[in-house]
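All remarks here apply to the structure that follows.
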Amino acid sequence: MLKNYFKIAIAVLRRRKFFTFISLFGISFTLTILMVLTAFIDKVIGDNYPDKKRDRLLYVNRIEQKGKDNMTSGTLSYYFLSHYTGMMKTPVKVAISSGFNGTNTYVNNKKIAVSYKYTNAEFWDVMDYDFTEGKPFNKQEVDNADHVAIISEDMKRQYFGDVGPVVGKYIEADNVNYRVLGVVKNVPVTSYMFFSDIYLPYTVSKADYKSKSYGGGYMGVLLAASKDDVPKMQAEYENLMKRVPVESKDYQHLYSHANSFFRSYVDTGNEASSGVFIVVTAISIFVFIFMLLPTLNLVNINITRIMERSSEIGVRKAFGASSKTLVYQFIVENLILTLLGGIIGTLLSVIALWAINNADLIANLQLSINFTVLFIALLACLIFGFLSGVYPAWRMSKLNVVTALKAQ
Amino acid sequence: MFKHLFKLIWNKKKQNFLLMTEMLVSFMVLFAVFTLMVYYYDNYKKPMGFKYQDVWVININNSYQTKNTDSLDLYYETLRKIIKSLPQVKDLSFVSGNVPFSNQINQGGLTFKGKHIDHLNNFTAEDSYKETMDLDVLEGRWYNKSDAVSKYKLVVIDADLKEATFGKEQAVGKLLGNDDDKKKMKVIGVIQTIKRNGDYVKAGPGLYFRADTGSFRWLSKILVKVSPGADAAFEGKLYKTMAGYMKNSNIEIEHLTNKLKDTNYFAVIPMIVLSIVSCFLIINVALGLFGVLWYNINKRKGEIGLRRAIGATGNSVSSQLVMESMILATLSLIIGSFFAIQFPLLNVFDLSAHIYIIGMLLSIIFVYLLVLVCSLYPGRQAAAIYPAVALHEE
Amino acid sequence: MIRLQNIEKVYRTDTIETLALNSISLDIAKGEFLSIMGPSGCGKSTLLNIMGLLDAPSKGMIKIADKSTENLNDKQLAQFRNKTLGFIFQSYHLINDLQVLDNVELPLLYRDTTAKERKRLATEALEKVGLANRVKHFPTQLSGGQRQRVAIARAIVGRPDIILADEPTGNLDSAMGNEIMEILINLNRNEGTTIVMVTHDENMAQKTHRLVRLFDGSQVQ
């Protein structure tokens, strides 16, 4: 039976080439956009390089103090993070790093813009950067405030050119010479908590990292011993923050949270508005509107296609096909069409992603199709085919045999 | 005839419902795209307000701090002299962090004569700012040395703020401040609004304050006007000179030209993505409309033949079919406009009403054109139907 | 009223030439009720289409109401059909999405009339066919006979001199058929409308003034 449906479906699609083209165009294009969007989201928030132990991690990237008319919100100071997380029992290790900042360096009268980031030694234990050569700096080197640096592959290429190992060589940034200890794979700038060109020990920072004010340029990542300890760790941080006094009498409340990656990634910087809500709503609205038009279009065309075939339907009904089998037949036909569109869409996505990667819109961001993306595409395909098939099929099953036959 | 077509459409509302929904959604998508485009264009055609070519920004992180204002001033005045003595430097001004094309903002609000002005940018700059930026002074003057001893608190405002507060009247000499402020500021000049968010995004109103003693504590950026030929070698020299003087600071030099490019890039990329996506959506919709209309005409051959028989010309049949689609489009557009008009009425995104209106008009025209193009060919086909054949087909 | 002279109609496809009408000459007087009979495919409908100016003959000349129709353009033809001719079809050709009254008004839409005038004329026409109480119905809510009566009302609403009926009773049972025939006869008698009717039914044909038989495109009687 299914084979029979398949044959008919192909025959129908070939007979009405124009309608088939419209349908396939709509489906494949819609899927391409969805797949690119999925690939992007998947890369930005699903890619767990360099924080591979994500299910054991909690992220602290903001402190907010609020008074009656005023509020201050931003990243934290090194002192605040090390002092208070040092009081916690659950975290095994705490990575502390500054956000990335810019400076310049000049090689052969050529300017190179450099992003630098200060980290503590544990940062390299909590994170799993892929070292293509060398190794991270250790606690000893941090405590000594040694002028050592870890650089990204990108930086290596820009500063040293296409050469062999560079470990042990010196790189000048901010008018200081740093000895290169290691080279790591690039992190896209969209992972703003971990991106940088040069990673330096926080002790060489020119800023006063000992300052006791709460606000500063640093973020923390807490590592739990196991996945099960994460809720406990979160609760401990929350409780701890409740006991931390506000910095000045201008403020009455102090908020700081240890959040999961996604929650901290989309943080709005304001306690009152939830970043998760905004992001999820925005994406849903976009996808909804975006899917609505092609779906409507497909429904329209499907109805047209069905009405055109009303005599075939009449004949089938006259010879004993029930409405149910007809609906079933049509939905199968439509699914075949959508899957066909899905295959084309996947090919288009590969081309689109290749083009986007080549255009280098965002530095170091390499989009790719993986199983998540394919799975979502397949799911979208099925939903799409089903949605656009059901209503026309229902209309079809309502067709009166006599009028359907007469319509020829 | 009109009423007749309307009846025909109304009685087929069930069949036309989907078609109309499709037109409606297309309209809404187009409305969004066109409004954004008009918004960009509206900003694009405004003057930049200053000359950004050959202006560099020096960002100083962790600058020199001391409690003693005199030694603070001495430290930075020395820095100024050092930079200014470099051959290619024409002028420079210490400024607050919210320089053009940067992400930093420093905003407040102002309630003036009962009207609340939001997202008001506060800038601080020096007397030399005018020369460094080559400002366009529309009215009055920029600050000079004599303002240091003024008994009023002086202020320079930009054209946007003047428009919001004084309207078309002259602003210079008038007092500006919150309604409940005792000590108001006196406006001494109006400058062209600097498009600090790049070519395409609105800058918003701005207030400019004069830097005074002690301002160096937080003026974290320096704008430097260099001569046109200044190259990377000179930049390296400038960098070394500064880094040599400010041993404990992180220094970064950026060019406003590049920053403008980046800023525009972030405005244009979403626009391009949106345009490509909606372009395909529209092609999709157009093909669909075309297919459905074409099919409808084939289905209505009998009716068309009849109309021809009882006295309709080929042209009147084809224009009838085109008119029908246009009426459908009109109905969808009326509903769509009802939703669209809510945006300026409720002031959803803080855009001025005319942008929405133009966006709306453009999308209305576009939908009409789209429907016209899609129904023209099927309409022509209908005109070519041979009545004798059509009437005997059934 | 209608004068056909040596009408010939040839249909050409890629390979075959079919002679649908072969040298037909016919004179139909004003006020005459003429029926055309013949087996399927003998060219009756083609002849009617040519008389209705829906189709042009390959050869020959047609004069309707003393007017030569050869050199009329599309617009003039449409005007002529609208003013002088009324059509009735076997399958009614009512527009299902319009109410009865709107269907009847249709011919008036293609000339200069006011909405009020249209409504008055259409109601009048519907009264003549005895359907004054069905104006708000849709065609699908009516029986076959009623539908054909609507079609007649539509044909007469513009007060044409000539009505061309293509098997008007073909889809109806004999009782309904007789009813329709009655209306046509009355129309012919009372208003003096010239009627040309194509039919299969000998009984119906017998009720008309004159009978023309066609066979394979040629007039045999």
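The values are calculated or read from the model by the stated rules, or taken from the named source; none is laboratory data. Keep in mind it's a predicted model, so treat the numbers as computed, not measured. Please note: Cβ atoms are built from the backbone with ideal geometry, for glycine as well, and neighbour counts cover all protein chains shown.
With a requirement of 1 or more residues that are modelled with pLDDT of 90 or more, the strands (runs of 3 or more DSSP E) lying completely within the stretch B:1-114 that satisfy it span B:55-61, B:89-95.
Annotation for the stretch B:182-197: at least one member residue is touching a residue at least 60 places away in the same chain (Cβ under 8 Å) and among the charged types (D, E, K, R). Only one of C:K83, C:K59, C:K30 is among the charged types (D, E, K, R), more than 9 Å from chain B (Cβ to nearest Cβ) and within 27 Å of B:G314 (Cβ to Cβ); which? So the residue among C:K83, C:K59, C:K30 that is among the charged types (D, E, K, R), more than 9 Å from chain B (Cβ to nearest Cβ) and within 27 Å of B:G314 (Cβ to Cβ) is C:K59.
Each row is one residue, and each column tells you yes or no for (1) more than 30 Å from A:K43 (Cα to Cα); (2) modelled with pLDDT of 85 or more; (3) within 14 Å of chain B (Cβ to nearest Cβ).
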site: A:Y170; (1), (2), (3): yes, yes, no
site: A:N177; (1), (2), (3): yes, yes, yes
site: A:V180; (1), (2), (3): no, yes, no
site: A:V204; (1), (2), (3): yes, yes, yes
site: A:A207; (1), (2), (3): yes, no, yes
site: A:A225; (1), (2), (3): no, yes, no
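Does any residue of the stretch C:96-103 turn out to be assigned to a loop (DSSP other than H, G, I, E, B), more than 8 Å from chain B (Cβ to nearest Cβ) and at pLDDT below 85? Yes: one or more hits. Comparison of A:A113, A:A149, A:A121, A:A145 shows that the only residue that is at positive phi and either assigned to a strand (DSSP E or B) or out of contact with any Gly (no Cβ under 7 Å at 6 or more places or on another chain) (or both) is A:A145.
Of all the residues in the stretch A:308-327, those that are buried (at least 17 other Cβ atoms within 10 Å of the Cβ) and either within 11 Å of chain B (Cβ to nearest Cβ) or part of a helix (DSSP H, G or I) (or both) number 8.
Here's the yes/no breakdown for (1) free of Cβ contacts under 8 Å to residues at least 24 places away in the same chain; (2) of a type in the set (S, T, N, Q); (3) within 9 Å of another protein chain (Cβ to nearest Cβ):
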| position | (1), (2), (3) |
| --- | --- |
| B:N11 | yes, yes, yes |
| B:M20 | no, no, no |
| B:V29 | no, no, yes |
| B:T35 | no, yes, no |
| B:Y40 | no, no, no |
| B:F50 | no, no, no |
| B:D54 | no, no, no |
| B:Y64 | no, no, no |
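Is there a residue in the stretch B:118-128 that is at pLDDT below 85, over 24 Å from B:N264 (Cβ atoms) and in the same structural domain as B:K90 (by TED's automatic domain parsing)? Yes; the residues of the stretch B:118-128 include at least one that is at pLDDT below 85, over 24 Å from B:N264 (Cβ atoms) and in the same structural domain as B:K90 (by TED's automatic domain parsing).
For the stretch A:345-366, taking the residues that are touching a residue at least 60 places away in the same chain (Cβ under 8 Å), among the hydrophobic types (A, V, I, L, M, F, W, C) and part of a loop (DSSP other than H, G, I, E, B), the one that is surrounded by the most Cβ atoms within 10 Å (Cβ to Cβ) is identified as A:L365. Of the listed requirements (1) in a loop (DSSP other than H, G, I, E, B); (2) modelled with pLDDT of 90 or more, A:K232 misses just one: (1).
Just one of the listed residues (B:I272, B:I276, B:I327, B:I283) is farther than 30 Å from B:Y200 by Cβ and β-branched (V, I, T), and it is B:I327. Would you check if B:L72 is assigned by TED's automatic domain parsing to the domain that holds B:F216, closer than 17 Å to B:D160 by Cα and of a type in the set (A, V, I, L, M, F, W, C)? Here the answer is no, as B:L72 does not meet what is asked.
When we screen A:P188, A:P231 for residues that are farther than 23 Å from A:N144 by Cβ and out of contact with any helix residue (DSSP H, G or I) (no Cβ under 9 Å at 6 or more places or on another chain), the only hit is A:P231. Checking each residue in the stretch C:62-77 for being more than 9 Å from chain B (Cβ to nearest Cβ) and acidic (D, E) picks out C:D66, C:E70.
Does B:T165 fit the bill of being without any contact (Cβ under 8 Å) to a residue 60 or more places away in the chain, among the polar types (S, T, N, Q) and not assigned by TED's automatic domain parsing to the domain that holds B:M271? Answer is yes for this residue. Across the stretch B:288-305, the qualifying residues are those that are within 15 Å of B:E22 (Cβ to Cβ) and buried (at least 22 other Cβ atoms within 10 Å of the Cβ), and the one among them that is farthest from the other protein chains (Cβ to nearest Cβ) is B:L293. Selection of helices (runs of 4 or more DSSP H) fully inside the stretch C:116-221 by the criterion of at least 3 residues being in contact with a Phe, Trp or Tyr (Cβ under 8 Å, 6 or more places away or on another chain) returns C:144-156, C:174-191.
Among what's in the stretch A:6-27 and is within 34 Å of the chain's Cα centre (by Cα) and among the small types (G, A, S), pick the residue that is farthest from A:S311 (Cα to Cα). Out of the qualifying residues, it is A:G26. Screening A:G220 against (1) within 30 Å of A:V148 (Cβ to Cβ); (2) small (G, A, S); (3) part of a helix (DSSP H, G or I) leaves a single unmet condition, (3).
Touching a Gly at 6+ places or on another chain (Cβ under 7 Å), within 11 Å of chain B (Cβ to nearest Cβ), assigned to a loop (DSSP other than H, G, I, E, B) and not hydrophobic (A, V, I, L, M, F, W, C): is that true of C:Q90 in this structure? Yes: the conditions hold for C:Q90. Within the stretch A:322-376, the only residue that satisfies the criterion of being closer than 24 Å to A:G26 by Cβ and either in contact with a strand residue (DSSP E or B) (Cβ under 7 Å, 6 or more places away or on another chain) or of a type in the set (D, E) (or both) is A:E333.
Scanning the stretch A:267-307 for residues that are under 21 Å from the mean Cα position of the chain (by Cα) and outside any helix (DSSP H, G or I), which turns out surrounded by the fewest Cβ atoms within 10 Å (Cβ to Cβ)? Selected residue: A:S273. A:L31 - would you say it is farther than 21 Å from A:V279 by Cβ and over 23 Å from the mean Cα position of the chain (by Cα)? No, not satisfied. The single condition among (1) more than 14 Å from every other protein chain (Cβ to nearest Cβ); (2) surrounded by 20 or more Cβ atoms within 10 Å (Cβ to Cβ); (3) of a type in the set (A, V, I, L, M, F, W, C) that C:V157 does not meet is (1). Candidates A:T38, A:T72: the one that is outside the structural domain of A:M233 (by TED's automatic domain parsing) and either under 29 Å from A:A272 (Cβ atoms) or under 27 Å from the mean Cα position of the chain (by Cα) (or both) is A:T38. The condition of being surrounded by 14 or more Cβ atoms within 10 Å (Cβ to Cβ) and either in a strand (DSSP E or B) or within 14 Å of chain B (Cβ to nearest Cβ) (or both) holds for only one of C:S25, C:S45, C:S40, that being C:S45.
Taking the stated definitions as given, is A:S211 outside the structural domain of A:M35 (by TED's automatic domain parsing) and either free of Cβ contacts under 8 Å to residues at least 12 places away in the same chain or in a loop (DSSP other than H, G, I, E, B) (or both)? For A:S211, the condition - outside the structural domain of A:M35 (by TED's automatic domain parsing) and either free of Cβ contacts under 8 Å to residues at least 12 places away in the same chain or in a loop (DSSP other than H, G, I, E, B) (or both) - is met.
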